[in-house]
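Data first, discussion second: the structure below is written as structure tokens.
The values are calculated or read from the model by the stated rules, or taken from the named source; none is laboratory data. These figures come from a predicted structure and were not determined experimentally. Counting neighbours? That spans all protein chains shown, and the Cβs are built from the backbone with ideal geometry, glycine included. Calculation scope for accessible area: heavy atoms of the full protein, side chains included, ligands and nucleic acids excluded. Shrake-Rupley method; radii C 1.70, N 1.55, O 1.52, S 1.80 Å.
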Amino acid sequence: MAGRPQPGPVRRGRAVLVGGVLSGVLALLLAACTPGSQNAGAPAPGGDRAVRTDIAALGPVTLTVWDQEVRGGQNEQMEKLNAAFHQRFPNVTIKRVSRSFDDLATTLRLAISGNEVPDVVQANNSRAEMGAFVAANQLLSLEPWAKAYDWHERYPASVQQYVSYSADGKQFGQGNLYGLPQVGEVVGVYYNQAELDRLHIAAPRTWDEFEAALGTAKAAGATPLELGNLEKWPALHVFGTVQDQLAPPDQIATLAFGRSGSSWNTPENLQTAQKIVDWVKAGYFNTGVNGIDDNQAWQAFAKGQAVFLIGGSWYAPDLRAALGDKVHFMAPPPRAGRPVSATGGTGLPFAITSKAAQPDAAAAYLDFITNPDAMKVLTATGNLPVVDTAAQQPPDRISGELFTAFAAASGQGKLLPYLDYATPTMSDTIGAALQDLLGGAKTPQQFLDTVQADYAAFVAKNG
Amino acid sequence: MADIGPSGTGIMTSGSRPPVAVGVPSVPRPRRGLGPPGWVPLAYLAPGFLVYAAFLLYPLGRAVHLSLFDWDGLTLATFVGFGNYVDVVTDEKLRAAFGHALVLIVFFAGLPTVVGLALAAVLNRAKVRGLAFFRTVVFLPQVVAMVVVGVAWRRLYAPDGSVNDLLRAVGLGGLSRAWLGDTTLALPAVGVAGTWVQTGLVTVLLLAGMSRVPGDLYEAARLDGAGAVREFFAITLPSVRAELAVALTLTVIAALKTFDLIYVTTGGGPGDRTSVPSFEVYNRAFRLGEVGSAAAVGVTLTVLIFVINMAVARIGERGER
């Protein structure tokens, strides 16, 4: 009948059409500005610049620092050093923004490409973060100040590689210095001395002894190794530790830094993956590794439910609090004829953004928080200092064991990078693939093929 | 004199008044002089619309715009047209993510509907004492934040958690495992957590609908010899069609946009077996630096939710005619 309101579907259809057209128009309007265009003109920061070390003469300066030093000892050292810096240079005020590791990772990318860019940031060494920032010209090369403050002498070469990128961000592990780390990290073997005594196992000195100890523990009915891989990254350290003992260090470094010239499809990597599968089949791990998270795993170890825990130096404060004298740490015991080889690296380094108003003040700050006096403060607050580690006075026994392990690996031994540094997507790829390997859903060869695909695709694109 | 036209509509034809068919809404005439001018209604709408446009339409437009580019969030983007959308269809991981979201619909919408219908029917018919108490208890999971739900269920599913304890207690110890790390059962396990959350909502909605059904209908059916099941299918189910549509809409949306539950329990694992589109959006935009791809996944998810809910609303409406 004439004049009746149109039935539902037709009116709705028209509304959908109008909505679609509107959004299309909107999209076209916005097409005028390509994303990222405000950063496109960012000049590549010059390598040769006149540096000033006379900070007092700069007048009032505010440095905005974004860090992730939130845990007990970390927060303490940051506050102490910031206060001391302000005392040294009263004209410089530090505005500190502190976030957890995960929160910083999520927000740093937006902040550094936004309008209010912090001056100093703690950026993860990986290609996904620091590499991407360097490629986008958002971090200043520290080379000019390195000459003035002697940073190349301060850090050993094995540590400098973790904070070096080429100017275009393509080469990782060599090139210009982009960040200064305060602390080191090393992945080793925690063991419960009480469990070893109970099972009459001697603390292993070599890799063969370690594998034998696993077998003995299993035969005696204990859980040899604790692992909680729900969050995908803990198994990376177990795999890396095994790989460090079986594969040539150059091969590992090339793969982990995402450099061209190597492959995951080598006999040594296959051997490593096979060994992990063998350990799973022999029951060396707790049941359901993929269903337990990292916290539950170290807590289970702390309750004495396993003999060994392969993990990083960051567990030490919690394990010391829980197990006291019973827990010990050692670098992975090497195979005969090989040096101490451990996965490890640095804590998040501090870098200067290219939009920093006073880079000289920022560089002085970086120097201050990593100089020998700062290392003493770091030691005293329970952290693992990355410089002069062997010369520091550890506050307790397990810290001493951490320092010894780190010094051994970074000095005469081999400190090998984390495998997920390799490509921006490697963390996801290898994390998921390891879960599948541990769960029996992938064979060792399939695992290698998956990881190789990611590595090869990146290297082909990157050069 | 009044003329009665066909089918009872009265058509008045008298004197100075123009012929107006009674029973038919008349077209509003433009007023002159008295009354508010035409832009006033729009002015009332404006504040709400501005907020809506600023927080919904603009981000949506921007997301569509971003999805046409290949952008890492830092450097200059490159235009790729519909390349990201082609990836959504061709990339195995993304296809799997959407597949998992569809599986979650079964757990978030399908199971709660079945359970909710049965529960509401029983609660409605049996005239249970303390109905308000039961309604509250059943609805409680909805009130808990999804992150808390995720943390709690992660504990429950741990190898030494309550689920495995329960299985061992009833003699089914062989079935106990690390649920969230199991390659086949991780997604159903997460789905069950969703069922637990959504059942209360569906039950309460359907109870409300069922309480509107007049009792005489049931009496009449009983006199005709209908049993409980027959009554349910003949009377109860058709009369809650509208509430069912609402419940399905809400639960399907909840299933497709699930992020916090996956993020807190499995992070997409084991492997990629519990990844869902919204988690992929977060992962790609913030961790992998593939903002354009993330935007494309987000837009695709939006369209998918829209289409599914249109279909549900269509089914719901058909019952009203």
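Remarks
- Ranked by the mean number of other Cβ atoms within 10 Å of their residues, highest first, the peptides B:165-171, B:241-247 fall in the order B:241-247, B:165-171.
- Scaling the Cα radius of gyration of region A:290-441 by the globular reference 2.2 N^0.38 Å produces a ratio of 1.24.
- For region B:272-321, the fraction of alpha-carbon pairs in successive 5 Å shells from zero, as %: 5, 20, 19, 16, 12, 9, 8, 6, 4, 1, 0
- Per-residue SASA entry for B:Ser239, accessible area with 1.4 Å probe, Å² rounded to 10: 50 Å²
- Relative contact order (%) - chain B, alpha-carbon pairs under 8 angstrom, separation at least six: 24 percent
- Accessible-area order (highest first, 1.4 angstrom probe) of the listed residues B:Trp153, A:Trp233, B:Trp196, A:Trp314: B:Trp196, A:Trp233, A:Trp314, B:Trp153
- Pair-distance profile P(r), taking every C-alpha pair of region B:236-298, with 10 angstrom steps and integer %: 21, 37, 22, 15, 5, 0
- Cα-centre dipole for chain A with unit charges at Cβ (Lys and Arg positive, Asp and Glu negative), debye to 20: 1280 debye
- Restricted to Cα atoms, region B:88-320 shows a radius of gyration and a Dmax of 20.2, 68 angstrom.
- Against the main long axis of the alpha-carbon atoms of chain B, helix B:186-210 sits at an angle near 20°.
- In the distance distribution for region B:60-144, Cα-Cα pairs more than 15 Å apart total 75 percent.
- Per residue of B:61-74, other chain Cβ atoms within 10 Å of the residue Cβ number 6 on average.
- Antiparallel beta bridges, as assigned by DSSP with both residues in the protein assembly as shown, represent about 65 percent of the total such bridges.
- 10 Å binning of all Cα-Cα separations within region A:78-123, expressed as whole percents from 0 upward: 23, 45, 28, 4
- Shape call, region B:47-192: gyration tensor on alpha carbons, a/c limit 1.5: oblate
- Added length on full extension, which subtracts the Cα-Cα distance from 0.36 nm per residue, A:Ala57 to A:Asp318: 89.5 nm
- Principal axis extents of the C-alpha atoms in chain A (largest first, rounded to whole Å): 91, 77, 42.
- Between B:Leu223 and A:Gln174, the modelled labels are 9.6 nm apart [label points 7 Å from Cα along Cα→Cβ].
- Relative compactness, the protein assembly as shown, computed as alpha-carbon Rg over 2.2 N^0.38 Å: 1.17
- Bridging of B:Lys93 to aspartates and glutamates at a Cα separation below 15 Å is possible for A:Asp428, A:Asp436, A:Asp454, B:Asp272, B:Glu280, B:Glu290, once same-chain residues fewer than 8 apart are set aside.
- Among the residues of B:280-287, the average count of other protein chain beta-carbon atoms within 10 Å of the residue beta-carbon is 3.
- Projecting the Cα atoms of A:Phe285, A:Cys33, A:Ile112 onto the dipole axis of chain A, where Lys and Arg carry +1 and Asp and Glu carry -1 at the beta carbon, places A:Cys33 farthest toward the positive end.
- Among the listed pairs A:Lys95/A:Lys355; A:Lys218/A:Lys275; A:Lys275/A:Lys326, those beyond 24 Å (Cα-Cα): A:Lys275/A:Lys326
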